[in-house]
Every structure is written in C-alpha cells, then in structure tokens.
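Okay, structure first, notes after.
The values are calculated or read from the model by the stated rules, or taken from the named source; none is laboratory data. Everything quoted here is computed from the prediction, not taken from an experiment. Because the Cβ atoms are built from the backbone with ideal geometry, glycine has one as well, and the counts that use them run over all protein chains shown.
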Amino acid sequence: MIYKKWQKYSYTAQRHQRHRLLVALLWILGTFLLYLFISSFFIFSFYVESDSMAKTLTPGDVGLALSTRLFPHDKESSLFPYKHGDLIVLEKSYSTTSSSWYVRLWDNFIAFFTAQRAVHVNEARRLFIKRIIALPGDEISITDNIVRVKQVNQDYNLTEFELSSKTYDITVPNEEGGAGNTLPFASNMALIRLKEGECFVLSDDRSDCNDSRTWGPVTLSDIKGKPFFRYWPFSRIGKL
C-alpha cells in the first residue's frame with residue numbers, strides 16, 4: 001500500500017505523465033494546423049456581429065463560408081465563383097501596411113479557441129459580410145434607393161433583384177431624419193463603371209454605411225469567401 005502511494009512520484013510514472021502531456025500538446029498543435037489549412041483553402045466559419053445584413057443574417061448568427069482563395073478572378077473563366085446577389089465575406093484593411101505574420105497567426109489562434117467568436121485582434125483589419133451588387137465591367141447607379149446595373153455588352157439596365165441569383169429583402173434609409181442625398185445614406189448615386197477586378201457591394205440594411213457607397217468599389221482579392229450555411233442558432237439553421 002505504501003509503495004502504491006508513492007509510486008506516482010517514481011521516474012517511470014513521471015516519464016509517462018510527460019509523454020501524455022506531450023501527446024496532448026501535439027494533438028492540439030496538429031488540430032490547429034489542420035484548422036489553418038482548411039480555413040485558408042476550403043471552408044471557414046464566420047460570426048455575425050452587426051445587423052447590417054438583416055434580414056438575411058442577424059447578430060449572433062454563426063455559419064460556414066466557402067473559401068474562394070483558389071478560384072480565378074477572371075470573370076470570363078468558367079470557375080469564376082461570384083454572381084450578382086451573392087453573399088461574401090470581405091476583408092477590409094484600414095492600414096496602408098500589411099499585418100505581420102505573427103499578428104495574423106495570433107488572430108487565427110484566438111478565433112480557433114473561441115469558435116470564431118473573438119477575432120480581429122488587429123483592428124486595422126476587419127471582416128465584413130456584404131452582398132455583391134455589380135461585377136467587373138458593370139455600370140451601376142442608384143436612383144431613389146433603386147439600384148440599377150448595366151452589364152457588359154448590354155444596352156439596358158436591370159435592377160439588382162432582376163440580376164440577382166438570390167432572393168433577399170433590403171431595408172432602405174429613413175430620410176425623414178434629414179439624411180437626404182448626403183452620402184453614405186444617399187438615395188441617389190451617379191453612374192460609375194467598375195474596372196477589371198472590381199466589384200460593388202452593399203449592405204442589405206442600406207442605412208449601414210460600411211459598404212461601397214463609402215469605400216468605393218472593392219477588389220476581388222479582398223474577398224475571403226462565400227457564406228453558404230448557417231448552423232447557429234438552431235431555430236434558423238439552413239442554407240444561405
């Protein structure tokens with residue numbers, strides 16, 4: 001009995017304990033590296049923090065997005081991943097200098113161990129979920145909150161809903177408060193033509209100013225992926 005009481009302090013027991021700890025750490029490291037690989041090239045999770053995409057996505061929603069990192073940015077390619085009306089996860093940088101590799105690694109580390117609920121350690125780099133309204137080469141204008149898009153080689157304009165591959169609803173700004181035609185809450189926008197590699201994105205809640213009305217067109221290289229499934233809350237689980 002006395003031997004068993006003190007056996008846990010033996011060299012053999014302590015060596016086995018260190019071995020189990022090392023195996024556990026290697027499993028955690030391996031899982032984290034697998035998470036980095038999958039989230040960078042295939043599928044990653046997202047967490048909705050604002051109501052800019054209500055009624056499609058609301059704060060607290062958690063879902064999965066398909067990474068578009070390996071897809072071509074050439075609109076003429078059959079593998080071009082974007083269509084009018086698609087939801088996208090957009091990475092917007094507020095700094096002229098890129099984040100260092102260890103800051104991005106720490107950001108991913110925090111996201112991994114908090115199930116994507118704590119991200120953006122570097123506040124100069126943020127993720128947004130928006131909707132693609134116009135693609136490279138399109139002409140876009142807004143009149144009385146109605147968005148019209150003219151595609152390349154077409155002689156007529158279509159509304160965003162006629163072009164969209166998705167069905168969605170929007171909320172327009174309440175101009176009674178005096179927003180009028182002052183950007184970013186303007187109900188009108190002069191026609192612009194998108195260059196190669198550019199797209200125009202908007203929030204479903206048009207009173208939210210974080211979109212192309214203030215940023216201008218965004219580049220396709222800024223897009224991280226396309227949300228396709230919401231798994232939380234369970235009451236709203238389903239395809240996006």
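Restricting to segment 193-207, give me the number of residues that are more than 16 Å from the chain's Cα centre (by Cα), over 16 Å from residue 91 (Cα atoms) and among the acidic types (Asp, Glu).
Of all residues in segment 193-207, those more than 16 Å from the chain's Cα centre (by Cα) come to 193-198, 205-207.
Add one more test, that the residue is over 16 Å from residue 91 (Cα atoms), and what stays is 193-196, 205-207.
Cutting the leftovers down to among the acidic types (Asp, Glu) gives us 196, 205.
Residues in segment 193-207 being more than 16 Å from the chain's Cα centre (by Cα), over 16 Å from residue 91 (Cα atoms) and among the acidic types (Asp, Glu): 2 in total.
Summed over segment 194-240, residues that are within 23 Å of residue 172 (Cα to Cα) and of a type in the set (Lys, Arg) total 2. Looking across segment 54-69 at every residue that is part of a loop (DSSP other than H, G, I, E, B) and among the small types (Gly, Ala, Ser), the one that is modelled with the lowest pLDDT is identified as 54.
If you go through segment 199-213 one residue at a time, how many are among the small types (Gly, Ala, Ser) and surrounded by fewer than 22 Cβ atoms within 10 Å (Cβ to Cβ)?
Here is the first cut: in segment 199-213, the ones among the small types (Gly, Ala, Ser) are 203, 207, 212.
From the residues that got through so far, the ones that are surrounded by fewer than 22 Cβ atoms within 10 Å (Cβ to Cβ) too are 207.
Looking only at that region, the number is 1.
Restricting attention to segment 35-52, does a residue exist that is charged (D, E, K, R), without any contact (Cβ under 8 Å) to a residue 24 or more places away in the chain and crowded, with 16+ Cβ neighbours inside 10 Å?
Step one: of segment 35-52, the residues charged (D, E, K, R) are 49, 51.
This time we only want the ones that are without any contact (Cβ under 8 Å) to a residue 24 or more places away in the chain, so: 49.
Filter once more, so that each one left must be crowded, with 16+ Cβ neighbours inside 10 Å: 49.
There is at least one residue in segment 35-52 that is charged (D, E, K, R), without any contact (Cβ under 8 Å) to a residue 24 or more places away in the chain and crowded, with 16+ Cβ neighbours inside 10 Å.
Which residues, counting only those in segment 148-172, are touching an Asp or Glu at 6+ places or on another chain (Cβ under 9 Å) and not hydrophobic (A, V, I, L, M, F, W, C)? Answer for segment 148-172, where residues must be touching an Asp or Glu at 6+ places or on another chain (Cβ under 9 Å) and not hydrophobic (A, V, I, L, M, F, W, C): 148, 150, 151, 157, 164, 165, 166, 168, 169, 171.
Scanning segment 70-114 for residues being surrounded by 14 or more Cβ atoms within 10 Å (Cβ to Cβ), part of a loop (DSSP other than H, G, I, E, B) and at pLDDT 80 or above gives a total of 9.
Residue-by-condition table, conditions (1) closer than 23 Å to residue 55 by Cβ; (2) under 15 Å from the mean Cα position of the chain (by Cα); (3) of a type outside the set (Lys, Arg); (4) not in a strand (DSSP E or B):
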| position | (1), (2), (3), (4) |
| --- | --- |
| 187 | yes, no, yes, yes |
| 214 | yes, no, yes, yes |
| 221 | no, yes, yes, yes |
| 228 | yes, yes, yes, no |
